[in-house]
Structure formats: C-alpha cells, structure tokens
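*Asks:* Got a structure for you, written out below as structure tokens; questions coming shortly.
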Amino acid sequence: MLLKKFQVSFNRALDGVLDELNSKNLGDGGPIDAIGPDEAIMDKSGPSSFRLPGAKQVTDAGSRKHRTEVLTTQVSFSPTGRDWAAISGEGLHIYSLDDDMLFDPIALTEAITPAAVQSNLRAHKYSVALLMSMHLNEATLVQQVLDATPYASITHVVRSVKPEHLERLMNFIANTMIDSPHLEFYLQWCLELLKTHGIYLQKHRQKYMRAFRTMSKILQTKFDEWRTLCDHNRYTLDFVLDQGYLLGFESHNMDQSHTINK
C-alpha cells in the first residue's frame with residue numbers, strides 16, 4: 001500500500017522525475033521520451049530529433065542517448081520516529097517533521113543575556129539562570145547551568161520550570177547525558193521532572209512523545225553499558241566489602257580485648 005510519495009530530486013535531466021508527460025511527445029507506441037537510444041539521434045543544431053519513417057541520417061556509431069535513473073539505495077528512520085533519511089544518486093536526503101534551528105529564542109528580552117545567566121549562577125539563583133538559558137536556547141549555556149546546580153537544589157529548580165519549557169529541558173538533559181560522566185546526577189533530574197510534572201506530561205503525552213523516546217533510548221543505552229561494567233566487577237566489589245567488614249570486626253575485637261586486659 002502506497003502511503004505517501006517523496007521526491008528525492010528535481011533535476012529534470014534525470015529519468016523518472018517528471019510526473020506528467022508533455023502531450024506533444026506522445027506517440028502511438030507510448031511516450032517518445034521513453035524511446036531507446038537506438039531509435040533516437042542527436043541533431044547538431046541542438047535539441048534532439050527522432051527518425052521519421054524512410055529517413056536515414058549518418059551519425060557517429062558510438063553516440064548514445066540515455067538518462068540517468070534516480071535510485072534510492074538505503075532508507076533509515078530515527079529512533080524518535082520524527083525524522084528519516086534516504087541515500088540516492090543525488091546525495092543524502094533528510095526529512096523531518098520538526099523545523100529545528102540552532103538559535104531559536106523564546107520570549108527573548110534585552111535583560112536575558114549570557115552575562116545575566118552567569119551573574120545569577122554566581123548569586124546561586126539557579127532557577128532564574130536555568131530559565132534564562134532556556135530562553136536563549138543555547139545548548140552549552142544550558143549544560144553549564146545544569147552542571148552548576150547543586151544536587152540538593154534540583155527539586156526546587158524543577159518546580160520552577162514552566163510547561164512550555166518542559167520539552168526543551170527534557171531534550172537538553174537527554175543530549176547532555178550522552179557524554180556526561182555524571183549519570184546519577186542527571187538521573188535525578190529525570191526523576192524530579194517526572195515526579196513534579198508527571199500528571200501534566202501524561203495528559204499531553206502526544207506532544208512530549210519525541211522527548212520521551214529520546215530520553216528512554218539514552219537511558220536504556222546507559223543501563224546496558226553500566227550493567228555490563230557492574231556485572232564484571234560485582235565479585236570484586238563484594239570481596240572488597242567483605243574484607244572491609246572483616247578488618248573492622250577484627251579491629252573492634254582487638255579494642256575490646258585491650259580494654260579487658262587493662
């Protein structure tokens with residue numbers, strides 16, 4: 001079943017680009033444009049001409065006329081289901097339902113500047129700094145604010161986030177988690193977001209489905225990586241804990257025996 005057609009090239013010199021053929025080029029055997037190279041010749045005056053019945057023209061035997069076909073060799077979809085890419089003879093084509101921009105500010109005013117964000121961070125006003133950085137919509141600035149927020153202040157900062165900023169914050173946290181070593185820190189951000197705004201996110205889940213899928217994919221990837229690491233070191237960690245317990249137990253017994261002897 002054909003759901004939708006996507007045009008991968010607008011080059012009219014390629015074969016199969018035209019959706020509607022010119023009626024003057026239709027013949028008894030079908031479209032004249034589809035005639036093979038043996039039945040068409042190139043006129044020296046410029047445009048192509050076709051042989052008429054009983055006519056013969058001497059041309060170069062090595063001349064050929066053909067059009068390059070438009071071929072798509074591979075198609076791949078993004079994990080979020082909002083984008084997909086195709087590789088064709090014309091190059092790489094990316095189709096998206098979202099029109100993302102590198103700099104897309106929200107309700108930007110003259111008072112919202114990177115310097116103001118830094119000033120609020122130094123004053124320990126993490127909620128104001130986060131909102132300003134999301135207004136500027138600069139990934140590096142938002143990451144800096146997230147990293148500078150103390151662990152104990154995450155709950156209070158998340159409560160100050162407005163619903164119109166939730167999707168952007170979820171995307172920022174998910175993208176920052178890819179390369180950040182502070183896994184527990186950003187897991188706490190995710191947990192507080194779901195605990196504080198969970199009811200609103202559930203009611204409008206279709207709107208935030210892209211952010212949910214991105215965050216879920218990254219968390220699953222991190223889980224698989226750390227699970228392998230922890231499984232390999234589990235017995236080593238158990239041995240270290242047991243040795244620490246035994247040393248503490250022996251030290252306690254020695255202190256008690258020393259007290260009794262006194």
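*Asks:* Go through 113, 140, 155 for me and flag whichever is surrounded by fewer than 17 Cβ atoms within 10 Å (Cβ to Cβ), farther than 22 Å from residue 219 by Cα and β-branched (Val, Ile, Thr).
*Replies:* Working: 140 fails: farther than 22 Å from residue 219 by Cα; 155 fails: farther than 22 Å from residue 219 by Cα.
The match here is 113.
*Asks:* Given the residues 179, 147, which is the only one that is part of a loop (DSSP other than H, G, I, E, B), charged (D, E, K, R) and more than 19 Å from residue 82 (Cβ to Cβ)?
*Replies:* Details: 147 fails: part of a loop (DSSP other than H, G, I, E, B).
Checking each option against the conditions leaves just 179.
*Asks:* If you don't mind, there's one more thing I want to ask. Considering only residues that are small (Gly, Ala, Ser) and more than 30 Å from residue 173 (Cβ to Cβ), look in the stretch 199-249 and name the one that is modelled with the lowest pLDDT.
*Replies:* 248
*Asks:* Spot the failing condition for residue 173; the list is (1) surrounded by 13 or more Cβ atoms within 10 Å (Cβ to Cβ); (2) at pLDDT below 85; (3) not aromatic (Phe, Trp, Tyr), and only one is missed.
*Replies:* (2)
The values are calculated or read from the model by the stated rules, or taken from the named source; none is laboratory data. Because the structure is a prediction, the values reported are computed rather than measured. All Cβ positions, glycine included, derive from the backbone under ideal geometry; neighbour counts span all protein chains shown.
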